[in-house]
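> Structure provided below as C-alpha coordinates; questions to follow.
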There are 2 protein chains.
Amino acid sequence: MSARLTEQMAFLAEVEKLKSVTRATPIHDASRPENSAEHSWTLALYALILADQAPAGVDLNRAIKMLLIHDLVEIDVGDVPIHLQGGAAHGSAEIQAAEAQAAKRIFGLLPKDIGDDLHALWTEFEANETPDAIYAKSLDRTQPVLLNLQAGGGSWIDYDVSFEQLETRIGTKIANGLPSVWDWVRARVAPWFEMRR
Amino acid sequence: MSARLTEQMAFLAEVEKLKSVTRATPIHDASRPENSAEHSWTLALYALILADQAPAGVDLNRAIKMLLIHDLVEIDVGDVPIHLQGGAAHGSAEIQAAEAQAAKRIFGLLPKDIGDDLHALWTEFEANETPDAIYAKSLDRTQPVLLNLQAGGGSWIDYDVSFEQLETRIGTKIANGLPSVWDWVRARVAPWFEMRR
(Lines give C-alpha, C1' and ligand atoms only; values in the text may rest on other atoms or scores of the structure.)
Protein backbone atom coordinates (compact mmCIF):
# COMPACT_ATOMS: atom_id res chain seq x y z
CA MET A 1 0.00 0.00 0.00
CA SER A 2 2.83 2.38 0.83
CA ALA A 3 4.48 1.84 -2.59
CA ARG A 4 1.14 2.67 -4.22
CA LEU A 5 0.77 5.80 -2.07
CA THR A 6 4.30 6.84 -3.04
CA GLU A 7 3.28 6.72 -6.72
CA GLN A 8 0.13 8.73 -6.01
CA MET A 9 2.19 11.33 -4.15
CA ALA A 10 4.81 11.50 -6.92
CA PHE A 11 2.04 12.43 -9.36
CA LEU A 12 0.63 15.04 -6.95
CA ALA A 13 4.09 16.61 -6.58
CA GLU A 14 4.48 16.66 -10.37
CA VAL A 15 1.17 18.41 -11.03
CA GLU A 16 2.27 21.33 -8.80
CA LYS A 17 4.41 22.40 -11.78
CA LEU A 18 1.32 23.41 -13.77
CA LYS A 19 1.29 26.56 -11.59
CA SER A 20 4.37 27.72 -13.51
CA VAL A 21 2.76 27.36 -16.95
CA THR A 22 1.47 30.76 -18.01
CA ARG A 23 -1.29 31.44 -20.53
CA ALA A 24 -1.95 34.27 -23.00
CA THR A 25 -4.95 35.46 -20.98
CA PRO A 26 -4.30 37.80 -18.03
CA ILE A 27 -6.14 37.43 -14.72
CA HIS A 28 -9.20 39.57 -13.95
CA ASP A 29 -7.33 42.78 -13.04
CA ALA A 30 -4.75 42.38 -15.85
CA SER A 31 -1.96 42.36 -13.24
CA ARG A 32 -0.28 39.16 -14.50
CA PRO A 33 -0.84 36.24 -16.89
CA GLU A 34 -3.17 33.50 -15.75
CA ASN A 35 -1.55 30.12 -15.16
CA SER A 36 -2.93 26.77 -16.29
CA ALA A 37 -3.54 25.44 -12.76
CA GLU A 38 -5.83 28.27 -11.70
CA HIS A 39 -7.42 28.23 -15.17
CA SER A 40 -8.29 24.56 -14.63
CA TRP A 41 -9.88 25.38 -11.26
CA THR A 42 -12.01 28.08 -12.85
CA LEU A 43 -13.20 25.66 -15.51
CA ALA A 44 -14.23 23.06 -12.95
CA LEU A 45 -16.33 25.79 -11.31
CA TYR A 46 -17.77 26.77 -14.69
CA ALA A 47 -18.85 23.15 -15.17
CA LEU A 48 -20.48 23.10 -11.75
CA ILE A 49 -22.28 26.44 -12.09
CA LEU A 50 -23.42 26.08 -15.70
CA ALA A 51 -24.62 22.48 -15.36
CA ASP A 52 -28.17 23.48 -16.34
CA GLN A 53 -26.79 24.66 -19.70
CA ALA A 54 -25.00 21.37 -20.43
CA PRO A 55 -25.88 19.27 -23.48
CA ALA A 56 -28.16 16.28 -22.88
CA GLY A 57 -26.43 13.23 -21.47
CA VAL A 58 -23.58 15.05 -19.72
CA ASP A 59 -22.24 13.45 -16.55
CA LEU A 60 -21.26 16.56 -14.59
CA ASN A 61 -18.83 14.73 -12.32
CA ARG A 62 -16.91 13.23 -15.26
CA ALA A 63 -16.80 16.64 -16.96
CA ILE A 64 -15.33 18.19 -13.80
CA LYS A 65 -12.65 15.49 -13.57
CA MET A 66 -11.85 16.00 -17.26
CA LEU A 67 -11.37 19.73 -16.70
CA LEU A 68 -9.20 19.20 -13.64
CA ILE A 69 -6.70 17.17 -15.69
CA HIS A 70 -7.16 18.59 -19.20
CA ASP A 71 -4.08 20.84 -19.17
CA LEU A 72 -1.60 18.63 -17.29
CA VAL A 73 0.26 17.90 -20.54
CA GLU A 74 1.28 21.56 -20.55
CA ILE A 75 3.76 20.77 -17.77
CA ASP A 76 5.93 19.39 -20.61
CA VAL A 77 4.60 21.23 -23.65
CA GLY A 78 3.55 24.65 -22.31
CA ASP A 79 0.38 26.46 -23.28
CA VAL A 80 -0.07 27.15 -26.98
CA PRO A 81 -2.15 30.34 -27.30
CA ILE A 82 -5.19 29.91 -29.50
CA HIS A 83 -4.53 33.15 -31.41
CA LEU A 84 -0.79 32.43 -31.98
CA GLN A 85 0.32 32.33 -35.64
CA GLY A 86 -3.15 33.35 -36.77
CA GLY A 87 -4.62 30.36 -34.95
CA ALA A 88 -2.39 27.84 -36.79
CA ALA A 89 -0.16 26.71 -33.90
CA HIS A 90 -2.90 25.51 -31.59
CA GLY A 91 -3.81 21.91 -32.40
CA SER A 92 -1.01 21.42 -34.94
CA ALA A 93 0.16 17.84 -35.52
CA GLU A 94 3.48 18.62 -33.85
CA ILE A 95 1.83 19.95 -30.70
CA GLN A 96 -0.59 17.04 -30.63
CA ALA A 97 2.27 14.53 -30.77
CA ALA A 98 4.16 16.32 -27.98
CA GLU A 99 1.03 16.40 -25.83
CA ALA A 100 0.40 12.68 -26.39
CA GLN A 101 3.96 11.99 -25.23
CA ALA A 102 3.47 14.20 -22.18
CA ALA A 103 0.22 12.45 -21.26
CA LYS A 104 2.03 9.11 -21.37
CA ARG A 105 4.77 10.34 -19.06
CA ILE A 106 2.59 12.22 -16.56
CA PHE A 107 -0.30 9.76 -16.19
CA GLY A 108 2.36 7.02 -16.18
CA LEU A 109 3.57 8.28 -12.79
CA LEU A 110 0.36 6.97 -11.21
CA PRO A 111 -0.55 3.42 -10.16
CA LYS A 112 -1.66 1.76 -13.42
CA ASP A 113 -5.40 1.59 -12.65
CA ILE A 114 -5.69 5.30 -11.82
CA GLY A 115 -3.29 6.40 -14.56
CA ASP A 116 -5.08 4.43 -17.28
CA ASP A 117 -8.45 5.92 -16.26
CA LEU A 118 -7.19 9.49 -16.32
CA HIS A 119 -5.25 8.97 -19.55
CA ALA A 120 -8.45 7.71 -21.19
CA LEU A 121 -10.38 10.69 -19.81
CA TRP A 122 -7.80 13.10 -21.26
CA THR A 123 -7.92 11.33 -24.64
CA GLU A 124 -11.70 11.60 -24.62
CA PHE A 125 -11.47 15.34 -23.86
CA GLU A 126 -9.08 15.88 -26.75
CA ALA A 127 -11.28 13.96 -29.20
CA ASN A 128 -14.21 16.25 -28.33
CA GLU A 129 -16.87 13.77 -29.40
CA THR A 130 -18.74 12.58 -26.30
CA PRO A 131 -21.24 14.86 -24.48
CA ASP A 132 -18.89 15.19 -21.49
CA ALA A 133 -15.97 16.22 -23.72
CA ILE A 134 -18.08 18.62 -25.77
CA TYR A 135 -19.35 20.30 -22.59
CA ALA A 136 -15.84 20.51 -21.11
CA LYS A 137 -14.28 21.80 -24.33
CA SER A 138 -16.99 24.44 -24.77
CA LEU A 139 -16.32 25.70 -21.24
CA ASP A 140 -12.57 25.73 -21.97
CA ARG A 141 -13.36 28.13 -24.84
CA THR A 142 -15.82 30.27 -22.85
CA GLN A 143 -13.81 31.24 -19.76
CA PRO A 144 -10.83 32.90 -21.54
CA VAL A 145 -13.23 35.07 -23.56
CA LEU A 146 -14.97 36.34 -20.44
CA LEU A 147 -11.65 36.76 -18.64
CA ASN A 148 -10.23 38.83 -21.51
CA LEU A 149 -13.34 41.00 -21.36
CA GLN A 150 -13.03 41.38 -17.57
CA ALA A 151 -9.32 42.28 -17.92
CA GLY A 152 -9.99 44.95 -20.57
CA GLY A 153 -9.00 43.01 -23.69
CA GLY A 154 -6.07 40.82 -22.67
CA SER A 155 -4.81 38.52 -25.42
CA TRP A 156 -7.17 40.08 -28.02
CA ILE A 157 -5.00 43.19 -27.88
CA ASP A 158 -1.69 41.29 -27.75
CA TYR A 159 -2.62 39.18 -30.80
CA ASP A 160 -4.64 41.88 -32.60
CA VAL A 161 -7.74 39.68 -32.80
CA SER A 162 -10.84 40.81 -34.70
CA PHE A 163 -14.39 39.91 -33.73
CA GLU A 164 -14.63 37.77 -36.88
CA GLN A 165 -11.52 35.82 -35.84
CA LEU A 166 -12.89 35.38 -32.33
CA GLU A 167 -16.15 34.09 -33.73
CA THR A 168 -14.41 31.64 -36.11
CA ARG A 169 -11.71 30.37 -33.78
CA ILE A 170 -13.68 30.31 -30.54
CA GLY A 171 -17.34 31.27 -30.87
CA THR A 172 -18.14 28.30 -33.10
CA LYS A 173 -16.53 25.97 -30.55
CA ILE A 174 -18.47 27.44 -27.64
CA ALA A 175 -21.69 27.22 -29.67
CA ASN A 176 -20.94 23.57 -30.42
CA GLY A 177 -21.73 22.56 -26.83
CA LEU A 178 -23.32 25.67 -25.36
CA PRO A 179 -25.28 27.65 -27.96
CA SER A 180 -27.20 29.75 -25.41
CA VAL A 181 -23.98 30.57 -23.59
CA TRP A 182 -22.36 31.76 -26.84
CA ASP A 183 -25.42 33.96 -27.52
CA TRP A 184 -24.99 35.50 -24.07
CA VAL A 185 -21.22 35.93 -24.41
CA ARG A 186 -21.42 37.23 -27.99
CA ALA A 187 -23.82 40.00 -26.98
CA ARG A 188 -21.32 41.14 -24.34
CA VAL A 189 -18.07 40.91 -26.29
CA ALA A 190 -19.31 42.34 -29.61
CA PRO A 191 -19.54 45.91 -28.20
CA TRP A 192 -15.90 45.71 -27.01
CA PHE A 193 -14.73 44.96 -30.57
CA GLU A 194 -17.16 47.51 -32.01
CA MET A 195 -15.67 50.19 -29.76
CA ARG A 196 -12.13 49.50 -31.05
CA ARG A 197 -12.92 49.73 -34.77
CA MET B 1 -33.35 32.01 -18.65
CA SER B 2 -31.06 34.84 -19.66
CA ALA B 3 -31.50 36.62 -16.29
CA ARG B 4 -30.55 33.36 -14.58
CA LEU B 5 -27.49 32.97 -16.82
CA THR B 6 -26.49 36.55 -16.01
CA GLU B 7 -26.46 35.67 -12.30
CA GLN B 8 -24.42 32.53 -12.97
CA MET B 9 -21.93 34.58 -14.98
CA ALA B 10 -21.71 37.30 -12.30
CA PHE B 11 -20.64 34.63 -9.82
CA LEU B 12 -18.10 33.18 -12.26
CA ALA B 13 -16.61 36.66 -12.80
CA GLU B 14 -16.43 37.18 -9.03
CA VAL B 15 -14.58 33.92 -8.33
CA GLU B 16 -11.78 35.01 -10.69
CA LYS B 17 -10.65 37.27 -7.83
CA LEU B 18 -9.51 34.28 -5.78
CA LYS B 19 -6.44 34.24 -8.05
CA SER B 20 -5.27 37.41 -6.28
CA VAL B 21 -5.48 35.92 -2.78
CA THR B 22 -2.02 34.71 -1.78
CA ARG B 23 -1.19 32.08 0.80
CA ALA B 24 1.73 31.56 3.19
CA THR B 25 2.91 28.51 1.23
CA PRO B 26 5.14 29.11 -1.81
CA ILE B 27 4.69 27.15 -5.04
CA HIS B 28 6.89 24.11 -5.79
CA ASP B 29 10.02 26.02 -6.85
CA ALA B 30 9.64 28.69 -4.12
CA SER B 31 9.49 31.37 -6.83
CA ARG B 32 6.31 33.04 -5.52
CA PRO B 33 3.47 32.50 -3.02
CA GLU B 34 0.74 30.07 -3.98
CA ASN B 35 -2.70 31.60 -4.51
CA SER B 36 -5.97 30.19 -3.23
CA ALA B 37 -7.41 29.43 -6.68
CA GLU B 38 -4.56 27.17 -7.76
CA HIS B 39 -4.45 25.69 -4.23
CA SER B 40 -8.12 24.73 -4.64
CA TRP B 41 -7.37 23.05 -7.97
CA THR B 42 -4.58 21.02 -6.39
CA LEU B 43 -6.89 19.88 -3.61
CA ALA B 44 -9.54 18.71 -6.06
CA LEU B 45 -6.82 16.62 -7.72
CA TYR B 46 -5.70 15.30 -4.32
CA ALA B 47 -9.29 14.18 -3.68
CA LEU B 48 -9.41 12.43 -7.05
CA ILE B 49 -6.03 10.71 -6.76
CA LEU B 50 -6.25 9.68 -3.09
CA ALA B 51 -9.83 8.40 -3.28
CA ASP B 52 -8.71 4.91 -2.22
CA GLN B 53 -7.46 6.42 1.07
CA ALA B 54 -10.75 8.18 1.84
CA PRO B 55 -12.74 7.36 5.00
CA ALA B 56 -15.70 4.99 4.58
CA GLY B 57 -18.83 6.61 3.18
CA VAL B 58 -17.13 9.42 1.30
CA ASP B 59 -18.86 10.63 -1.87
CA LEU B 60 -15.84 11.61 -3.97
CA ASN B 61 -17.80 13.93 -6.24
CA ARG B 62 -19.23 15.91 -3.31
CA ALA B 63 -15.78 16.16 -1.74
CA ILE B 64 -14.37 17.54 -5.00
CA LYS B 65 -17.12 20.16 -5.21
CA MET B 66 -16.51 21.11 -1.59
CA LEU B 67 -12.81 21.63 -2.28
CA LEU B 68 -13.50 23.68 -5.41
CA ILE B 69 -15.51 26.21 -3.36
CA HIS B 70 -13.96 25.90 0.11
CA ASP B 71 -11.78 29.02 -0.10
CA LEU B 72 -14.10 31.39 -2.00
CA VAL B 73 -14.77 33.36 1.22
CA GLU B 74 -11.11 34.44 1.07
CA ILE B 75 -12.07 36.82 -1.75
CA ASP B 76 -13.40 39.04 1.06
CA VAL B 77 -11.42 37.86 4.07
CA GLY B 78 -8.04 36.84 2.66
CA ASP B 79 -6.12 33.73 3.65
CA VAL B 80 -5.31 33.43 7.36
CA PRO B 81 -2.05 31.44 7.63
CA ILE B 82 -2.34 28.47 9.95
CA HIS B 83 0.95 29.26 11.74
CA LEU B 84 0.17 33.00 12.19
CA GLN B 85 0.17 34.22 15.84
CA GLY B 86 1.29 30.82 17.06
CA GLY B 87 -1.72 29.23 15.37
CA ALA B 88 -4.24 31.45 17.21
CA ALA B 89 -5.52 33.58 14.31
CA HIS B 90 -6.72 30.73 12.11
CA GLY B 91 -10.27 29.78 13.08
CA SER B 92 -10.73 32.65 15.56
CA ALA B 93 -14.32 33.77 16.21
CA GLU B 94 -13.66 37.04 14.40
CA ILE B 95 -12.41 35.30 11.25
CA GLN B 96 -15.28 32.81 11.36
CA ALA B 97 -17.83 35.64 11.50
CA ALA B 98 -16.17 37.46 8.59
CA GLU B 99 -16.11 34.26 6.54
CA ALA B 100 -19.79 33.59 7.24
CA GLN B 101 -20.59 37.09 5.99
CA ALA B 102 -18.47 36.53 2.87
CA ALA B 103 -20.19 33.23 2.12
CA LYS B 104 -23.56 34.95 2.29
CA ARG B 105 -22.45 37.64 -0.15
CA ILE B 106 -20.61 35.41 -2.63
CA PHE B 107 -23.03 32.46 -2.83
CA GLY B 108 -25.82 35.07 -2.83
CA LEU B 109 -24.71 36.18 -6.30
CA LEU B 110 -26.00 32.89 -7.73
CA PRO B 111 -29.56 31.88 -8.61
CA LYS B 112 -31.08 30.85 -5.27
CA ASP B 113 -31.19 27.08 -5.91
CA ILE B 114 -27.51 26.84 -6.85
CA GLY B 115 -26.39 29.37 -4.23
CA ASP B 116 -28.21 27.62 -1.38
CA ASP B 117 -26.70 24.25 -2.35
CA LEU B 118 -23.16 25.58 -2.46
CA HIS B 119 -23.58 27.62 0.72
CA ALA B 120 -24.74 24.46 2.52
CA LEU B 121 -21.77 22.54 1.11
CA TRP B 122 -19.35 25.22 2.36
CA THR B 123 -21.00 25.19 5.82
CA GLU B 124 -20.65 21.41 5.90
CA PHE B 125 -16.96 21.68 5.03
CA GLU B 126 -16.36 24.20 7.81
CA ALA B 127 -18.17 22.04 10.40
CA ASN B 128 -15.84 19.12 9.55
CA GLU B 129 -18.22 16.44 10.78
CA THR B 130 -19.47 14.45 7.78
CA PRO B 131 -17.21 11.93 5.99
CA ASP B 132 -17.03 14.21 2.90
CA ALA B 133 -15.99 17.21 4.99
CA ILE B 134 -13.47 15.22 7.04
CA TYR B 135 -11.88 13.87 3.84
CA ALA B 136 -11.79 17.34 2.24
CA LYS B 137 -10.43 19.03 5.37
CA SER B 138 -7.71 16.39 5.81
CA LEU B 139 -6.59 16.96 2.22
CA ASP B 140 -6.60 20.73 2.81
CA ARG B 141 -4.10 20.10 5.62
CA THR B 142 -1.98 17.61 3.64
CA GLN B 143 -1.15 19.54 0.47
CA PRO B 144 0.49 22.61 2.09
CA VAL B 145 2.78 20.32 4.10
CA LEU B 146 4.00 18.50 1.01
CA LEU B 147 4.27 21.76 -0.92
CA ASN B 148 6.40 23.33 1.83
CA LEU B 149 8.63 20.25 1.72
CA GLN B 150 8.88 20.44 -2.10
CA ALA B 151 9.73 24.18 -1.90
CA GLY B 152 12.49 23.65 0.69
CA GLY B 153 10.64 24.70 3.84
CA GLY B 154 8.36 27.56 2.78
CA SER B 155 6.14 28.87 5.57
CA TRP B 156 7.82 26.63 8.19
CA ILE B 157 10.88 28.85 7.89
CA ASP B 158 8.90 32.11 7.71
CA TYR B 159 6.93 31.26 10.85
CA ASP B 160 9.73 29.36 12.63
CA VAL B 161 7.60 26.22 13.01
CA SER B 162 8.85 23.21 14.98
CA PHE B 163 7.99 19.61 14.16
CA GLU B 164 5.98 19.42 17.38
CA GLN B 165 3.92 22.47 16.31
CA LEU B 166 3.39 20.97 12.86
CA GLU B 167 2.21 17.72 14.40
CA THR B 168 -0.18 19.50 16.82
CA ARG B 169 -1.59 22.11 14.42
CA ILE B 170 -1.71 20.01 11.27
CA GLY B 171 -0.67 16.39 11.70
CA THR B 172 -3.56 15.62 14.04
CA LYS B 173 -6.00 17.09 11.52
CA ILE B 174 -4.58 15.08 8.63
CA ALA B 175 -4.66 11.93 10.77
CA ASN B 176 -8.31 12.63 11.63
CA GLY B 177 -9.41 11.70 8.09
CA LEU B 178 -6.33 10.11 6.58
CA PRO B 179 -4.21 8.30 9.17
CA SER B 180 -2.17 6.32 6.62
CA VAL B 181 -1.47 9.51 4.65
CA TRP B 182 -0.21 11.25 7.80
CA ASP B 183 2.07 8.26 8.51
CA TRP B 184 3.49 8.60 5.00
CA VAL B 185 3.85 12.39 5.20
CA ARG B 186 5.26 12.33 8.74
CA ALA B 187 8.06 9.96 7.74
CA ARG B 188 9.05 12.38 4.96
CA VAL B 189 8.83 15.69 6.81
CA ALA B 190 10.38 14.59 10.12
CA PRO B 191 13.91 14.39 8.60
CA TRP B 192 13.60 17.97 7.31
CA PHE B 193 12.94 19.26 10.84
CA GLU B 194 15.59 16.90 12.29
CA MET B 195 18.15 18.38 9.91
CA ARG B 196 17.45 21.94 11.08
CA ARG B 197 17.83 21.34 14.82
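> Towards the positive end of the charge dipole of chain B, with charges on Cβ (+1 Lys, Arg; -1 Asp, Glu), say which of B:Ala120, B:Pro55, B:Leu166 has the farthest Cα.
B:Leu166
> Another question about this same structure. Under the rule of at least 5 residues apart or a separate chain, name every residue whose amide H is placed under 5 Å from the amide H of B:Thr25.
B:Glu34
> Also: Hey, if you put +1 on the Cβ of every Lys and Arg and -1 on every Asp and Glu Cβ in the protein assembly as shown, which of A:Pro111, B:Ser92, A:His28 ends up farthest toward the positive end of that dipole?
Of the options given, the answer is A:His28.
> I'd like the distance between the alpha-carbon centres of region B:138-165 and region A:8-53, rounded to an integer number of Å.
23 Å
> What gaps in nm, shortest first, separate B:Leu60 from its twins in the other copies when you place the label 7 Å past Cα toward the beta carbon?
Going from nearest to farthest copy, the values are 1.8 nm.
> Then there is this: All other residues with a Cβ under 13 Å from the Cβ of A:Ala51 taken together, and with Lys, Arg as +1 and Asp, Glu as -1, what is their net charge? Show your work: numbers first, answer last.
Working: positive: A:Arg62, B:Arg4, B:Lys65; negative: A:Asp52, A:Asp59, A:Asp132, B:Asp113, B:Asp117.
Result for the neighbourhood of A:Ala51: -2.
> Keeping the other protein chains in place, figure out the carbon and sulfur percent of the accessible area of the protein assembly as shown, with a 1.4 Å probe. Intermediate results must be reported in sequence, preceding the final value.
Values: 8190 of 15580 Å².
Carbon and sulfur atoms account for 53 percent of the accessible area of the protein assembly as shown.
> Now, a different point. How much space per residue, in cubic angstrom, does the convex hull of the C-alpha atoms of region B:96-197 take up? Write down the numbers at each step before the final one.
On the way: hull volume 12.3 nm³, N = 102.
Cα convex hull per residue, to the nearest whole number: 121 Å³.
> With the radius of gyration and the Kirkwood radius both derived from the Cα set of region A:58-100, what is their ratio Rg to Rh? The partial results should precede the final answer.
Working: Rg = 12.5 Å, Rh = 11.6 Å.
Taking Rg over the Kirkwood Rh, I get 1.07.
> Considering the dipole of chain A built from charges on the beta carbon (Lys and Arg +1, Asp and Glu -1) around the Cα centre, which of A:Ser155, A:Ala133, A:His39 is farthest to its positive end?
Value computed over the given set: A:Ser155.
> Picking from B:Ser155, B:Ser138, B:Ser31, which is most flexible by a Gaussian network model of chain B using Cα springs under 10 Å?
Maximum among the listed residues: B:Ser31.
> Also: Nothing charged except the Cβ atoms of Lys and Arg (+1) and of Asp and Glu (-1): what's the magnitude of the dipole of the protein assembly as shown about its Cα centre? Round to the nearest 20 debye. The partial results should precede the final answer.
On the way: 36 positive and 56 negative charges, 66 e Å.
It works out to roughly 320 debye.
> For chain B, what relative contact order do you get, as a whole percent, if you take Cα pairs closer than 8 Å and at least 6 residues apart?
Values: 237 pairs, mean separation 49.9, N = 197.
In percent, rounded to a whole number, it is 25.
> With heavy atoms of protein chains only and a 1.4 Å probe, what residues of region A:178-197 have at least 10 Å² less accessible area in the full set of chains than alone?
SASA drop of 10 Å² or more in region A:178-197: A:Val181, A:Trp184, A:Arg188.
> Okay, moving on. What Kirkwood hydrodynamic radius do you get for region B:2-196 when you take the inverse of the mean 1/r over all pairs of distinct Cα atoms, in Å? Can you show the working numbers first?
Working: mean 1/r = 0.0577 Å⁻¹.
With all distinct Cα pairs of region B:2-196 included, I get 17.3 Å.
> Buried accessible area between B and A (1.4 Å probe, both chains summed, ligands and nucleic acids excluded), in Å² to the nearest 100? Kindly include the intermediate steps, with their values, before the conclusion.
Details: alone 10030 and 10030 Å², together 15580 Å².
That pair hides around 4500 Å² of surface in total.
> With a 1.4 Å probe and every protein chain left in place, work out the accessible area per residue of region A:141-197 in Å², rounded to a whole number. Present the calculation step by step, with values, prior to reporting the outcome.
Working: 2680 Å² over 57 residues.
Accessible surface, normalised per residue, equals 47 Å².
> Could you size up the charge dipole of chain A around its Cα centre, putting +1 on the beta carbon of Lys and Arg and -1 on that of Asp and Glu, and report it in debye to the nearest 20?
On the way: 18 positive and 28 negative charges, 57 e Å.
Dipole magnitude for chain A comes out near 280 debye.
> Lys and Arg at +1, Asp and Glu at -1: add these up for the other residues within a Cβ distance under 12 Å of B:Pro131 and post the number.
Working: positive: B:Arg62, B:Lys137; negative: B:Asp59, B:Glu124, B:Glu129, B:Asp132.
Surrounding charge for B:Pro131 is -2.
> Per residue, what volume in Å³ does the Cα convex hull of the protein assembly as shown take up?
Values: hull volume 53.4 nm³, N = 394.
Hull volume over Cα atoms, normalised by residue count, gives 136 Å³.
> What does the C-alpha gyration tensor say about the overall shape of region B:43-141? Classify as rounded when a/c is under 1.5, otherwise prolate if a/b is larger than b/c, or oblate. Could the numbers behind the result be given before it?
Values: a/c = 2.09, a/b = 1.16, b/c = 1.80.
Judged from the Cα gyration tensor, region B:43-141 comes out oblate (a/c at least 1.5, b/c at or above a/b).
The values are calculated or read from the model by the stated rules, or taken from the named source; none is laboratory data. These figures come from a predicted structure and were not determined experimentally. Note: ideal-geometry Cβ built from the backbone for every residue, glycine included; neighbour counts use all protein chains shown. The area values use the complete protein model at the heavy-atom level, side chains included, leaving out ligands, DNA and RNA. Shrake-Rupley method; radii C 1.70, N 1.55, O 1.52, S 1.80 Å.
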